Amino acid sequence: MIINLRGEVLVYREYSDFVKRLEFNEFSTYLLSTKGLKENPIIYFNGVSYFYIKQKDLFIIVSTKANPNAGMIFEFLFQFLNICKAYFAQELNDATVRKNFVIIYELLDEILDYGVPQITQPEVLKKYILEGGLKLEQMSDFEKLKQITMQATGANSWRPEGIVYRKNNIYIDLIETVNLTFSNQGKVLKFDIYGAIECKSELSGMPECKFGMNDKLLLQRDFAGNGPVNRNAVVINDLKFDQCVKLSKFDKERAITFIPPDGKFTLMNYRISDCTSVPIKLMCLFSKDDNKMEYKIKLKTEFESTNTAENIELKIPIPEGVTKVKMNPGVGKAKHEVDQSAVMWRIKKFQGGKEALLRVDVDLPKDFNANSWIKAPISLNFNIPMFTVSGVKVNFIKILEKSGYKPYKWIRYLTKSGEYHLRV
């Protein structure tokens with residue numbers, strides 16, 4: 001059921017007769033009360049379990065008297081939102097539901113069968129449920145049944161057949177986001193890397209892709225074993241694959257084998273918490289007396305000189321109300337930005353293995369209260385193209401398709417800053 005904030009029922013669909021309409025209405029009244037809104041997203045009410053999510057001015061609710069997998073239900077609810085967004089090109093709200101309730105009912109009939117999730121990929125559904133309300137292309141009943149069965153029960157429900165491109169390309173971006181905190185003495189207090197392999201597939205047919213990573217990656221469970229361990233390896237704490245990856249082959253071969261969805265998707269996510277190497281090191285000498293405050297900041301790139309950091313931006317917080325600031329950057333440009341109460345040091349490009357210094361002298365106002373000012377950490381933003389701080393690389397890519405075409409393969413690497421701080 002989908003209801004709005006006024007309690008009006010916009011969509012109601014029963015897949016069994018275990019929960020009556022009257023019970024649903026009683027729960028809706030309870031949910032819209034102040035007490036109900038403070039509850040958890042799973043509520044047991046009068047012998048019925050209700051699962052709901054709030055989307056703008058709507059509540060989307062599932063009810064049951066059985067004991068299903070709660071995680072699966074919420075995964076389905078959020079996937080339902082994705083389907084609606086793909087169809088209506090906007091977030092679901094009261095007006096969208098009222099305008100498109102016929103298509104929503106058709107979608108619910110297609111994606112749930114007796115309450116069991118079936119097809120939930122928008123790309124597949126769009127072949128059978130058109131926005132004009134017409135179902136399927138002009139084809140024989142046998143062809144319709146064959147295609148629907150393949151999409152609903154086949155291993156490749158995320159990719160429909162018949163995709164054709166004039167030029168076949170696959171783009172792979174390996175992006176690592178570094179979160180790092182230095183102490184005021186320059187020691188690493190916190191370090192982690194969030195990695196993602198972003199893909200864009202423009203491949204015809206039903207290709208099987210396979211690519212291998214270098215031996216830098218090591219799963220935590222492998223590290224716990226008794227076998228020999230490569231000292232240069234990086235231990236992965238968390239690893240998550242897209243549904244298209246054949247996990248059994250990854251366990252055996254340590255190569256990622258998959259039939260890609262069409263378009264953009266995230267193939268893999270991983271997290272590394274062991275300090276591998278620091279891409280940019282920060283050090284600061286800070287001094288203060290009654291009239292003056294001084295920063296001496298050193299920035300050093302710890303990667304090879306063949307790589308270059310871009311769009312470096314260092315933010316040095318200073319007290320509000322300060323009007324006189326002297327800056328002496330060795331490289332780049334420094335500026336006192338009053339609206340941010342900070343000195344911004346910007347360097348367009350900075351080669352690996354180099355150092356840069358910045359000195360900031362701040363004249364404090366006479367009414368400055370040192371006790372009320374909290375020294376905020378210095379923060380750094382940067383991008384390093386064609387570089388991964390963990391050393392993870394793609395060794396090879398193979399693409400096999402029965403037509404035998406040779407696609408173009410594009411690989412890019414990027415390391416960027418997340419929460420990158422230096423305590424003062």
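Figures for the structure shown
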read-out	value
Under 5 Å, built H, 5+ apart or other chain: amide partners of residue 364	292, 293
Degrees between helix 21-32 axis and first principal axis of the chain (Cα, 0 to 90, nearest 10)	20
Trypsin sites (Lys or Arg not before Pro) lying in DSSP loop within segment 332-403, provided at most 10 other Cβ fall within 10 Å	366, 402
Acute angle (nearest 10 degrees) that the helix 101-111 long axis makes with the longest principal axis of the chain, alpha-carbon atoms	90
Amide hydrogen neighbours beyond the local backbone of residue 112, cut-off 5 Å, H modeled	118
Residue 53 long-range amide H proximity, modeled H, under 5 Å	60
Per residue accessible area of the chain, 1.4 Å probe, in Å²	56
Kirkwood hydrodynamic radius (C-alpha pairs) into Stokes-Einstein, segment 355-424, 37 °C and 0.692 mPa s, D in µm²/s	183
For q = 0.12, 0.16 Å⁻¹, Debye-computed log10 I/I(0) when each Cα of segment 278-424 counts as one equal scatterer	-0.58, -0.87
Length-normalised contact order for segment 325-407 - Cα pairs under 8 Å, 6+ apart - percent	24
Zero-based 10 Å bins, Cα pair distances in the chain, whole percents	4, 16, 19, 19, 20, 15, 6, 1, 0
Two-site FRET efficiency, residue 354 against residue 285, from Cβ-Cβ distance with R₀ of 22 Å, rounded to 0.05	0.65
Residue 389 accessible area, 1.4 Å probe, all protein chains in place, Å² to nearest 10	10
Where GluC sites (Glu not before Pro) fall in DSSP loop in segment 64-120, at most 14 other Cβ within 10 Å	91
Cβ-derived FRET efficiency at R0 22 Å, residue 175 paired with residue 397, nearest 0.05	0.80
Helix 141-153 axis, angle to the chain major axis (alpha carbon atoms, nearest 10°)	40
At most 15 other Cβ within 10 Å, DSSP loop - trypsin sites (Lys or Arg not before Pro), segment 55-135	56, 65
Options 257, 380, 86, ranked by Cα towards positive dipole end of the chain, top entry (Cβ charges)	380
Too-long pairs where the Cα-Cα distance tops 29 Å, listed order kept, from 264/315; 85/402; 187/349; 190/288; 292/315	264/315; 85/402
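The values are calculated or read from the model by the stated rules, or taken from the named source; none is laboratory data. Everything numeric here is computed off the predicted structure, so don't read it as measured data. Cβ sites come from the backbone with ideal geometry, for glycine too, and all protein chains shown count toward neighbours. Ligands, DNA and RNA are stripped out before the accessible areas are found, and what is left, the full protein with its side chains, is counted by its heavy atoms. Shrake-Rupley method; radii C 1.70, N 1.55, O 1.52, S 1.80 Å.
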